[in-house]
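Just so it is clear, none of the values below were taken in a lab; they were calculated from the coordinates. Not measured: the values here are computed from a predicted model. Neighbour counts run over all protein chains shown; Cβ positions are idealised from the backbone, glycine included.
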Amino acid sequence: MHHFRYVRGRLYCEGVSVESLTKQHGSPLYIYSAKTLTDNFNRLHTALSPLNHLICFAMKSNSNLGVMRTLADLGGGFDTVSGGEIQRVIAAGGNPRKCVFAGVGKTEDEIVFALRKGIYCFNVESEPELERINRIAGKLKKIAPVAIRVNPNVDAKTHKKITTGTYDNKFGIAFEKIAGVYARAAKLKHIRLRGLQMHIGSQLTQVKPFADAVRKVAPLAAKLKTKHNIEFLSIGGGIGIIYEDALASGQATWWERKENRDLLTPEKYAETLVPLLQPLGLKVLLEPGRFISGNAGILVSRVEYVKRTGKKYFAIVDAAMNDLIRPAFYESFHEIVPVKQTKNRPIATDVVGGICETGDTFCKDRPIPRVEEGDLVAMLSAGAYGFVMAGTYNTRPMPTEVLVNGKKSAVVRKRQKVKDIWAGEATAPWQK
């Protein structure tokens, strides 16, 4: 469930008008709902209550400090993929001892930093990485906690750019090789084999791929527990969200309308997986990102121009692919709704940004109520892989981020100033 809804014809985030926030902070503008973040986290936490578990938020989906602090205060840990993300956890008031460190390309400096901060575990992606961690831990006179990432070769049937669990992907170590890798790792003096990890992909809307992977990996985890005394199994993240029809105009909530369509919910997820995991007697780690933050955020944009070209109808807005790249990069769908409800008839519209790329398009020929110059529109389900993937292409400053909690709101990231984009640049000495 999310907390974006129309109230008397105006879009609200919890108890705050989206229009009022845009008047105050300008556009493009990211708005996050603290209550939605909390509800999503707690719903998953409750569903998995029969298990000893830890939810480590995949902060690559949204690393804003205000968002992260909301989840840290709920007792959550964090799934990190860089030394910079671990530093963000600390800056947000999170506990590095509840952090796992994933990713195929960990540098020596990042490993040193993570060891010194006492992270919960490294998710190791290759034997060369394992050897590097052992060597660095030895120099620091530390024991490094690790979990090997197993690639179960299970096709999640998701977008080709976000599937991670087959042998065509760069992630993890092949299922058949894991036992040998653990046997060799057990001989390394500065390594503690703490767990086993997997992650098969993102935006999964059916439970079957998760169940297939757990059924395949659970016996392996049981053997590793017996032989190497591992204490946890991480089943990764990947629970999907609804992008289409994400907002009903004063009708039932997103969850109420969608749960009866055989789509994945935390309850269905737990109902299937808990019986498979409980007999292991292992702590279970989860690393969800999109499920927690995706529908907790929107991107608000102002219509700059309306343009007709032949049969095409364009709404040119002040947001662009540098602000929200998912449609250009993944051909992804984000529902686009007017901030003020209107009786204008729907018209097939291309909503586009001002960047000099044809790919700078948020939707094509989508029936949306006819908009006019100056109207505000909201791109929904933009709380995951939205701002975190934004950039300054075309020397466009990064937008403001606002966090709403009930009737309160706060800027949790100021709009970037144009001159700050090139603050670290300089002309060459001979150009003076």
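The magnitude of the dipole of the chain, with charges of +1 and -1 set on the Cβ of Lys/Arg and Asp/Glu and taken from the Cα centre, is near 860 debye. Electrostatic tally near Cys56: other residues with Cβ closer than 13 Å to its Cβ, Lys and Arg +1, Asp and Glu -1, net +1. Compactness ratio for the stretch 97-151: Cα radius of gyration over 2.2 N^0.38 Å (N = residue count) comes to 0.99. Bridgeable lysines around Lys35 (alpha carbons under 18 Å apart, same-chain partners fewer than 8 residues away excluded): Lys407, Lys408. Rounded to the nearest 10 degrees, the angle from helix 208-228 to the longest Cα principal axis of the chain is 30 degrees.
Here the residues Met59, Met389, Met398, ranked from fewest to most Cβ neighbours within 10 Å of their Cβ, fall in the order Met389, Met398, Met59.
With all pairs of different alpha carbon atoms counted, what Kirkwood hydrodynamic radius in Å does the stretch 296-418 show? Please report the intermediate quantities before stating the final value.
Working: mean 1/r = 0.0668 Å⁻¹.
Taking every pair of different Cα atoms in the stretch 296-418, averaging 1/r and inverting gives 15.0 Å.
Rounded to the nearest 10 degrees, the angle from helix 266-277 to the longest Cα principal axis of the chain is 10 degrees. The value for the stretch 34-293 of Rg(Cα) / (2.2 N^0.38 Å) is 0.99. In this Cβ point-charge picture (+1 for Lys and Arg, -1 for Asp and Glu), the stretch 316-432 has a dipole of about 520 debye about its Cα centre.
Between the residues Val104, Gly195, Val18, the greatest Cα displacement towards the positive end of the dipole of the chain, with unit charges on the Cβ of Lys, Arg, Asp and Glu, is found for Gly195. Cβ-to-Cβ counts within 10 Å put Asp375, Asp79, Asp420 in ascending order as Asp420, Asp375, Asp79, the fewest first.
When a footprinting reagent is the concern and you count Cβ atoms within 10 Å, what order do Thr22, Thr38 take, fewest first? Walk me through the intermediate numbers first.
Numbers: Thr22 22, Thr38 18.
Sorted ascending by nearby Cβ count, the order is Thr38, Thr22.
222 nm [θ] for the chain, helices only, -39500 (n - 2.57) per DSSP H run of 4+, per residue, to 500?
Working: 13 runs with 121 residues, N = 432.
Rounded to the nearest 500, the figure is -8000 deg cm²/dmol.
Quick one: Debye curve from the alpha-carbon atoms of the stretch 27-80 only, equal weights, vacuum; give me log10 I(q)/I(0) at q = 0.20, 0.21, 0.27, 0.31 Å⁻¹ to two decimals. Here log10 of I(q) over I(0) equals -0.72, -0.79, -1.17, -1.37.
The DSSP beta bridges internal to the chain are antiparallel in roughly 50% of cases.
Each residue of the stretch 135-140 is assigned a 3J(HN,Hα), and the resulting list reads 5, 5, 4, x, 5, 8 Hz, derived from the Karplus form 6.51 cos²θ - 1.76 cosθ + 1.60 (θ = phi - 60°), x at Gly and Pro. Taking other residues whose beta carbon is less than 12 angstrom from the beta carbon of Asn123, and scoring Lys, Arg as +1 and Asp, Glu as -1, yields -1.
Straight-line cross-link reach from Lys419 at under 27 Å between alpha-carbon atoms covers these lysines, not counting any fewer than eight positions away in the same chain: Lys23, Lys60, Lys432.
Local charge sum around Lys414 (other residues, Cβ-Cβ under 11 Å, Lys/Arg +1, Asp/Glu -1)? List each step's numbers first, then the result.
Numbers: positive: Arg413, Arg415, Lys417; negative: Glu401, Asp420.
With Lys, Arg at +1 and Asp, Glu at -1, the net is +1.
Across the stretch 362-375, rounded Karplus estimates of 3J(HN,Hα) from the backbone phi angles (6.51 cos²θ - 1.76 cosθ + 1.60, θ = phi - 60°) give 8, 6, 10, 6, 8, x, 9, x, 4, 10, 10, 3, x, 5 Hz, Gly and Pro being marked x. Relative protection proxy for 211-224, 300-313, from highest mean packing down: 211-224, 300-313 (other beta-carbon atoms within 10 angstrom).
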